[in-house]
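All remarks here apply to the structure that follows.
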Amino acid sequence: MDQNSQTASQQASQGPGQGASGNTTSFGFRAVPEGERQGLVNKVFASVASRYDLMNDLMSGGMHRLWKRELITMLNPPRGATSFKLLDVAGGTGDIAMRYANDSGPNATAVICDISPEMLEVGRRRIADAGLQNRIQCIEGNAEELPFETSSFDGYTIAFGIRNVTHIDKALAEAYRVLKPGGRFLCLEFSECRVPVLDRLYDFHSFEIIPRLGQLTAGDAESYRYLVESIRRFPTQEKFAELVRSAGFSRVSYRNLTGGIAAIHGGWKI
C-alpha cells in the first residue's frame with residue numbers, strides 16, 4: 001500500500017468527535033470544531049459552484065453522468081401519474097432535478113434544496129435556460145433542518161451531498177420526515193472501491209491527480225483535496241445502509257457502481 005493510501009485508510013478509521021473535547025468533527029482529514037464545519041463546507045462549494053460539473057468530471061473520470069442516469073432509472077418516476085413531487089437535496093446546480101423532469105411526465109415537479117446560494121444561482125440559470133422554471137423550484141435550506149412540512153414529497157434524492165453534512169443521522173431523519181408514506185429515498189455517493197488494483201489506481205488518482213487538476217483548472221487545490229478526503233471519511237456501504245435503516249426506512253439496499261467507487265443506497269418510507 002502506498003503512503004497516501006495508508007494515510008487514507010488510517011484517517012478513514014477515525015470517526016468524528018474523538019478529540020479530547022468531544023465536540024470536534026471531521027473536515028476531510030482535519031478535526032475541526034463542530035460548529036465551524038458547515039461554514040468551511042460552504043466556502044468549498046462557493047469556490048467550486050461555477051465549475052461543479054467539471055469537479056465531478058475530474059473526481060469520477062466523467063462516470064458521474066452515467067451514475068446519475070442510473071439514479072433516475074432507479075427512481076423510476078411515473079410518466080402517466082397526475083403528480084409526482086421530487087425533493088432533490090444538495091442539488092443546487094440542478095443536474096438531478098433536470099434529468100428527472102426530462103424523464104418524467106409533464107405534471108412531475110421538483111424542488112431543489114441546497115444550503116449554498118452560489119450553487120443555487122448556477123442551478124437557477126441552468127433551469128431557466130432549459131425552460132423548466134415552471135416545474136423546478138430552488139429553495140435555500142439545510143439538509144439537517146428542511147424547510148418543508150411532513151409528508152410533502154413522493155421522492156427524495158441526494159447526489160454527492162450527504163457526506164458534506166455535519167450530522168448524517170439528522171439529514172436522514174429529515175429525509176424520512178418529509179417523504180409521504182410509500183415515498184422513495186435514493187442517495188448517490190462516492191463509496192469504498194471493492195476491486196483490487198482499481199482501488200490503488202483510484203487512490204493515486206484521488207490524492208495525486210485531482211488536487212493538481214483542481215489547481216490547474218480552478219486555481220483551488222485545497223477545495224478539491226477536501227472533497228477527496230471527505231470521500232475516505234464517509235461510511236462504507238454496509239455502515240451507511242445501517243444509518244438509513246436507523247432513520248426508519250424499510251427495504252434498504254445498495255448498488256455498487258464502477259466497483260464501488262460510487263454506490264446508490266435506497267429505502268422506502270412504509
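The values are calculated or read from the model by the stated rules, or taken from the named source; none is laboratory data. In this text, all values refer to a predicted model and were calculated from it rather than measured experimentally. Note: ideal-geometry Cβ built from the backbone for every residue, glycine included; neighbour counts use all protein chains shown.
Let's see how each residue does on (1) crowded, with 21+ Cβ neighbours inside 10 Å; (2) basic (K, R); (3) closer than 29 Å to E149 by Cβ; (4) in contact with a Cys (Cβ under 8 Å, 6 or more places away or on another chain):
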residue: L201; (1), (2), (3), (4): no, no, no, no
residue: F204; (1), (2), (3), (4): no, no, no, no
residue: I210; (1), (2), (3), (4): no, no, no, no
residue: R232; (1), (2), (3), (4): yes, yes, no, no
residue: Q237; (1), (2), (3), (4): no, no, no, no
residue: V244; (1), (2), (3), (4): yes, no, yes, yes
residue: S250; (1), (2), (3), (4): no, no, yes, no
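With respect to (1) within 27 Å of F207 (Cα to Cα); (2) of a type outside the set (A, V, I, L, M); (3) at pLDDT below 90, the lone exception for S83 is condition (1). In the condition set (1) at pLDDT 95 or above; (2) charged (D, E, K, R); (3) over 19 Å from S50 (Cα atoms); (4) more than 17 Å from the chain's Cα centre (by Cα), E144 is compliant with all but (4). It is to be established whether one or more residues within segment 48-60 are surrounded by 15 or more Cβ atoms within 10 Å (Cβ to Cβ) and part of a loop (DSSP other than H, G, I, E, B). No.
The set of residues from segment 75-120 being in a loop (DSSP other than H, G, I, E, B), of a type in the set (S, T, N, Q) and over 12 Å from F153 (Cα atoms) comprises N76, T82, T93, S104, N107, S116.
Taking the conditions exactly as written (in contact (Cβ under 8 Å) with a residue 24 or more places away in the chain, within 26 Å of P78 (Cβ to Cβ) and assigned to a helix (DSSP H, G or I)), does G123 satisfy them or not? The answer is yes for G123. Could you list all residues from segment 109-137 that are out of contact with any strand residue (DSSP E or B) (no Cβ under 6 Å at 6 or more places or on another chain) and either among the basic types (K, R) or over 22 Å from S47 (Cβ atoms) (or both)? R125, R126, A128, D129, A130, G131, L132, Q133, N134, listed by residue number.
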